[in-house]
Amino acid sequence: MTSLDEFTAQATAFLETNATRRQESRQFVWGEGSDKVQMFEERDRELETEMLAAACEWRRLRFDNGFGWITGPEEFGGQGLSSAHQRAYDALESRFDVPNQGFFTIGLGMVAPTIAAHGSDGAKDRYLRQMYRADIVGCQLFSEPGAGSDLASVQTKAVRDGDEWIITGQKVWTTGAHFSDIGEVIARTDPDLPKHKGLTAFVVDMHAPGVEVRPLRQMTGGASFNEVFFNEVRIPDDDRLGEVNNGWGVALTTLMNERAAIGAGGGGGGGASMLTRIIEMVRHFGLNDDPLVRQRLADLIINARVQSYNNQRAMDKIRAGQLPGPEMSGAKLGGTANAARMAEFVSEVLGVKLIADSGEWGTYAWSQLVMGVPGARIAGGSDEVMRNIIGERVLGLPKDPGIDTTSPFRDLAVGTQKDGR
Ligand SMILES: Cc1cc2nc3c(=O)[nH]c(=O)nc-3n(C[C@H](O)[C@H](O)[C@H](O)COP(=O)(O)OP(=O)(O)OC[C@H]3O[C@@H](n4cnc5c(N)ncnc54)[C@H](O)[C@@H]3O)c2cc1C
């Protein structure tokens, strides 16, 4: 195995040659000049296409130079190195200006680890190398209009037809479906089994006949997620993930990776770079000597540091090839709680400047963080559901009594418990 020192030297040489080192004094470039949030404008899809192309180009360069899948198995295109190597690379790359890699959070953070854990050899061969090289991008097709927190209620059905499956149904809130090439879909394969047991997971080709993607606009102004309709879409059996009717176990692998990825900053916006921007904003408004502001800022920094150590432990487990467990809900909850703290702090510091599109530097652009936090608290499992999982599966507390769907208000009306006491 390449030693860490040797690897660091190679990675530094690669970055020095292909990227520009970020200058300390110019770290906070977001919001410079006109402070308009690009995503509010109609041309957001055009801008997104440009950003995606740049992101893919950078990933390809990384991959072709041996930095695209540092911890992955060599047979599928990885380098077979340790998580310490990955951390060393991440730390180095954060000092350079490189295109935003957020487009790959779902594909590489959730779908690829699931294919690696549950895919056939053919599927691993077809997708993993291509995904890590950004030749294809992946999305996650789990939620439906009637199945979110209660994911096991999915109604999209898959019926076997020889060596193929035929999928029909509707998904919703599918982030990035409009630029994805493949998706991980959970479908019902046996309606007669209990709901958690009759599900199967597949990789679906997003360009196959019968797949229709319709954008949804969210309150941040962007349109990053979609409704996806499947009308008799054919999937080869070799693209099945895991055993027939064991889709729940496969979905859990994805969800635990998702919670770790969001907690690590992929969706929560609670990462170190956000903190750097906040510190620069406080300096910009001359508030860095205000004792109350300093105290709140210290609180944000401490929470972010604790979260980062926690995430490091979680990500090391994943990179060491272990399946992430229910403790990943803690990583997700920590990430979104920190993002919420940051949004609250920014709102208090900026006051009305936050909501006025005045063109003043470092003001209105923050509305994207503030408006995005509620979504982050829902995506990948809501805060309430994360607390249930931590309570039941980490702390061993009694199970959530659930909702009596036949008569939901009866118990409240008579003041009794669900068991009739
Ligand atoms: C920004 C964003 C991106 C997303 N991207 C994707 C994606 O790429 N792919 C995908 O498949 N899905 C995606 N989703 C969907 C997401 O997974 C669901 O929104 C989420 O699981 C919640 O489901 P729901 O919206 O149906 O809400 P519901 O499940 O209907 O929940 C409604 C409310 O009830 C609460 N609740 C539900 N059950 C319980 C319980 N047992 N105890 C206590 N409270 C409970 C919830 O906390 C919530 O407040 C995304 C969502 C967001 C916001």
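Where a number appears in this text, it was derived from the coordinates with a stated rule and is not lab data. Computed from a predicted model, the values in this text were never measured in an experiment. When we count neighbours, we look across all protein chains shown, and the Cβ atoms used for this are built from the backbone with ideal geometry, even at glycine.
Points to keep in mind about this one:
- Only Cα pairs under 8 Å and 6+ residues apart enter the sum, and on that basis the relative contact order of the stretch 153-303 stands at 22 percent.
- Extension gain, T49 to A223: 0.36 nm times the residue separation minus the Cα-Cα distance gives 61.4 nm.
- Cross-link pairs beyond the 26 Å C-alpha cut-off, checked among K124/K195; K171/K197; K195/K399; K157/K399; K171/K195: K124/K195; K157/K399
- Here the stretch 250-394 is treated as a sphere whose radius is the Kirkwood value from Cα pairs; by Stokes-Einstein at 37 °C and 0.692 mPa s it diffuses with a coefficient of 206 µm²/s.
- For T156, residues with placed amide H under 5 Å, excluding near neighbours: Q170, R188
- Where labels lie 7 Å past Cα in the beta-carbon direction, separation of L397 and D5 in nm: 5.0
- Simple spin-label estimate for N65 and V352 in nanometres, 7 Å along Cα-Cβ: 5.0
- Within the chain, percent of DSSP bridges classed antiparallel, to nearest 5: 85
- Selection from A365, N246, L300, by position along the positive dipole direction of the chain (Cβ): L300
- Under 5 Å between amide hydrogens, built in the peptide plane, is the criterion, and for G68 it picks out F63 among residues at least 5 positions away or on other chains.
- Translational D in µm²/s for the stretch 33-132 (Stokes-Einstein at 20 °C, 1.002 mPa s, Kirkwood Rh from C-alpha pairs): 141
- Net charge over other residues, Cβ less than 15 angstrom from the Cβ of H85 (K, R count +1; D, E count -1): -3
- Ordering V228, V213 from the fewest to the most neighbouring beta carbons within 10 Å gives V213, V228.
- From the Kirkwood radius over Cα pairs of the stretch 138-247, Stokes-Einstein at 37 °C and 0.692 mPa s returns a whole-number translational diffusion coefficient of 237 µm²/s.
- Couplings 3J(HN,Hα) for the stretch 345-359, derived from phi with the Karplus relation 6.51 cos²θ - 1.76 cosθ + 1.60 (θ = phi - 60°), are 4, 4, 4, 5, 5, 7, x, 5, 4, 5, 9, 9, 7, 8, x Hz, where x marks Gly and Pro.
- Dipole magnitude of the chain, debye to nearest 20 (Cβ charges: Lys/Arg +1, Asp/Glu -1, about Cα centre): 1000
- Positive minus negative residues near A177 (Lys, Arg vs Asp, Glu; Cβ under 15 Å): -3
- Quarter the surface of the alpha carbon convex hull of the chain and you get the mean projected area, 23.5 square nanometres.
- Once backbone amide H atoms are built at 1.01 Å from N, H196 has no partners under 5 Å, excluding neighbours fewer than 5 places away on the same chain.
- Farthest towards the positive end of the charge dipole of the chain, among the residues G325, T17, N226, is the Cα of G325, using unit charges on the Cβ of Lys, Arg, Asp and Glu.
- DSSP bridge pairs, the stretch 138-247: antiparallel proportion in percent, nearest 5: 85
- Net charge of the neighbourhood of W248, taken over other residues with C-beta under 10 Å away and scored Lys/Arg +1, Asp/Glu -1, is +2.
- The stretch 156-227: relative contact order in percent, alpha carbon pairs under 8 Å with at least 6 residues between: 32
- The chain: relative contact order as a whole-number percent, Cα under 8 Å and 6+ apart: 15
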